[in-house]
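The values are calculated or read from the model by the stated rules, or taken from the named source; none is laboratory data. Note that this is a predicted model, so its numbers are computed, not measured. No Cβ is skipped: glycine too gets one built from the backbone with ideal geometry, and neighbour counts run over all protein chains shown.
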Amino acid sequence: MWGLALFGVVFGVATTTIAANDPNADPFRVTVHAISGSLYLVSGMLAHYRRPANRIGLLMLAVGISFLSEDLQFSPTAWIHTLGQLTASTSSAFLAHLALAFPTGRLETRPRRALIITGYAGVVTMGFSTALFSDQAAHFRGNAPGLLLIVDLPYFNHAVQTAGRFLAAFIAAAIVIILIRRWWRANAVLRSLLTPVIVVMPATGVITAVGLALRDIVPTHDAFVRAYDVLFAALPLMPLIWMLHYFVGRGTVNRLARRLNEPLRTAEMQDLLARTLRDDSLRIAFWSEAGLVDIHGVPLAMGSGRPPRTITVIGRSGNRQAVLVHDPLLSEDPHVLESVTAATGLALTNQDLSAQVAAQLAEVQASRARIVEAADAERRRIERNLHDGAQQRLVTALLWANAARRRLGQGEPAIQEQLTRIAAQLEAALTDIRELARGLHPAILTEAGLAAAVKEVVGRLPPEVRVRTEIGPLPKLATNIESAAYFVVSEAVTNALKHAHAVHVEVAVACADGVLSVSVRDDGRGGANASGGSGLQGLLDRVATVGGTLTLNSPEQGGTTIKAVLPVDHT
Amino acid sequence: MTARRRLLIVDDDPAFRAVARELLDGEAFHVVSEAATGSAGIGAANGVRPEVVLLDVQLPDVSGFDVCLTLMRSHAEISVVLCSVRDASDYGPLVAECGARGFVAKWALSTEELIRVLDG
């Protein structure tokens, strides 16, 4: 292909030189011809670079080379002149082929193929008619005689050429109709590709048809021919503009990549892709046991293949993340499609990673809540076991010792003494266990609820500490919420007394709008922080575990406020 | 000397009932019956007409507070004294709210303590 392109360039220089040296040459026509041919060559190369698998680039090169080859007729060298005669009209056939094959490079229906084959047959016939039956040297000054000339039959050749031109006019008109119909029926993707062609191709087609038909009817048609030449030269600009449009499209792809970097839901991503690629029917799909499913998990109906769909895999082999189901025409620009799928793949990976992190975080939070809940339940169980078991038995033993002392009355002072010692030990053991049980879990919380438990905590403060307690009406609360609130009050009141040496403490517990707020304010030393080993870190963790927040305000100048906000419906 | 007061002991632990009877049955109290559950306690109260009920807070069927409320509705003349291995402070306002005469921690149980709570 690139060899052909190089040949085209060298060929163009040669033919232009030949044309320029022709004594009959019209400088305007030579210039326009050279520019026109070059534009086709350049467009062909660009099209091939952009879409190597597509035949459009090759067709453009063919149009360019065949167009330039028309100038070979002006060569004084016989064989070159003859070659020029044979190829004189071939550019029209290649151009017709290009118009109908755009943008896929394929002629998609049998009538279209027949039309183009007829066109090629026509131009070959016209070329051979001139070469075999027209003595150009006799008609044009300075032209070389044709090598294939059999006999000069000017009327016959004229008839063949005229018939050929009418055939060309017919083909041009058919192409115009086909293109307009295609454009009319096209979806958004195809329409955007066809629009530049639809504007110029039919215009040129009409001019070609009218121009060819009128060529011999209107004797002075110089202006007409010039307009035709200029328009013909402008034709390859259309695919060029179209390709430039795709270079702009790269900007769009870059913008798309930037947008895909933002956190998007898959549905938004799909809309964005559909808009960017102008394919309303574009879908992102995923693999599942049921085959391909859309973003809502609904199996994708690929159906009858109408409209035709193409699947492009997102992600590398071995790590197929998803697919894009789209219009096959999008595959015509592999560069854009590759960029889009790569950007989408990255976005999906990001989305997947974010979802994984979020899921892991949620799992960690849930497991932390379960661990705390399990630990709390275990502490409650141990407290209950101590109460029902060891405490009960020790109490009974103590009472039996007391009963024995009572029965002894004033007698047996030594045994009395021993029984008293037994009772004292049992009482001490009971006190120890009571303290242990209270540390494990406050029985009052289970027995009487949060309000009573808070009052009990406050009631344990020494009389010199002034306390103000406000407890609003509380609904039935979940055990973990009650525990968290209780430990906040208990810890804060203990800190106020032990560390801050407060003389005034205010405790408030209220429930409103689905949240339980607990606050403890004191006038103590201040400067408390969670890292000070004051048990505040444990409180922070415990409150966070049930989905609440704990705030600590403890300026160095004095005073501490601890406030917890806990969700009431948290289970 | 005052007449012995008729006492009903309601507790699910037979060992505690035995030692309570040993401790309390004497000049001041006459243990007329024992019950191991709340409902049995209410039944016994209806049958033996005790003057005093020593009622454990933690019973297998209903809580001692509920038993006390029921007894107060049907036999307001009965004095109910709640008892538990726990302290009164562990129950907050519940003891006062259920209409009981008072509370005795089990480890402190004695005739003198019961009299003090009843007559105190």
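A few points about this structure:
- One residue stands out among those in segment A:508-542 that are closer than 19 Å to A:Leu497 by Cβ and of a type in the set (Ser, Thr, Tyr): the one that is modelled with the lowest pLDDT, which is A:Ser534.
- One residue stands out among those in segment A:395-417 that are more than 8 Å from chain B (Cβ to nearest Cβ) and among the polar types (S, T, N, Q): the one that is farthest from B:Asp25 (Cα to Cα), which is A:Gln416.
- Among the residues of segment A:294-312, the ones that are of a type in the set (A, V, I, L, M), more than 19 Å from the chain's Cα centre (by Cα) and either at pLDDT 80 or above or under 23 Å from A:Val336 (Cα atoms) (or both) come to 1 in all.
- All of (1) touching a residue at least 24 places away in the same chain (Cβ under 8 Å); (2) within 14 Å of chain A (Cβ to nearest Cβ); (3) crowded, with 20+ Cβ neighbours inside 10 Å hold for B:Asp66 with one exception: (3).
Per-residue answers, yes or no, for (1) at pLDDT 80 or above; (2) within 48 Å of the chain's Cα centre (by Cα); (3) under 24 Å from A:Arg112 (Cα atoms):
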| position | (1), (2), (3) |
| --- | --- |
| A:Thr162 | yes, no, yes |
| A:Ala172 | yes, yes, yes |
| A:Ile178 | yes, yes, yes |
| A:Thr195 | no, yes, yes |
| A:Tyr228 | no, yes, no |
| A:Leu235 | no, yes, yes |
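- Residue count, segment A:369-416 (criterion: surrounded by 15 or more Cβ atoms within 10 Å (Cβ to Cβ) and more than 26 Å from B:Phe16 (Cβ to Cβ)): 4
- Listing of helices (runs of 4 or more DSSP H) fully contained in segment A:47-126 that carry 3 or more residues being out of contact with any His (no Cβ under 6 Å at 6 or more places or on another chain) and over 17 Å from A:Ala173 (Cα atoms): A:56-69, A:78-87
- Of all the residues in segment A:459-472, those that are of a type outside the set (D, E, K, R) and within 12 Å of chain B (Cβ to nearest Cβ) number 2.
- Of all residues in segment A:378-393 being touching a residue at least 24 places away in the same chain (Cβ under 8 Å) and facing another protein chain (nearest Cβ under 8 Å), the one that is nearest to the chain's Cα centre (by Cα): A:His387
- Test: residue in segment B:76-95 that is at positive phi and more than 14 Å from the chain's Cα centre (by Cα): yes
- Some residue of segment B:33-51 being within 14 Å of chain A (Cβ to nearest Cβ), closer than 22 Å to A:Arg393 by Cβ and not in a loop (DSSP other than H, G, I, E, B): no
- Looking across A:Thr420, A:Thr431, one residue alone is more than 13 Å from every other protein chain (Cβ to nearest Cβ) and in a helix (DSSP H, G or I). It is A:Thr420.
- Scan of segment A:516-534 for residues that are of a type outside the set (Lys, Arg) and buried (at least 17 other Cβ atoms within 10 Å of the Cβ), ordered by number: A:Leu516, A:Ser517, A:Val518, A:Ser519, A:Val520, A:Asp522, A:Asp523, A:Gly524, A:Gly526, A:Ala528, A:Ser534
- Within segment A:456-488, being assigned to a helix (DSSP H, G or I), within 12 Å of A:Val520 (Cβ to Cβ) and in contact with a strand residue (DSSP E or B) (Cβ under 6 Å, 6 or more places away or on another chain) holds for A:Val458, A:Ala485, A:Val488.
- Test result for A:His499, outside the structural domain of A:Arg370 (by TED's automatic domain parsing), modelled with pLDDT of 90 or more, over 30 Å from A:Glu363 (Cβ atoms) and not small (Gly, Ala, Ser): no
- Any chance B:Asp12 is of a type in the set (Asp, Glu), buried (at least 17 other Cβ atoms within 10 Å of the Cβ) and in a loop (DSSP other than H, G, I, E, B): yes
- Taken together, the criteria place A:Glu456 among residues that are within 14 Å of chain B (Cβ to nearest Cβ) and buried (at least 17 other Cβ atoms within 10 Å of the Cβ).
- Per-region count, segment B:1-32, residues aromatic (Phe, Trp, Tyr) and either without any contact (Cβ under 8 Å) to a residue 40 or more places away in the chain or within 11 Å of chain A (Cβ to nearest Cβ) (or both): 1
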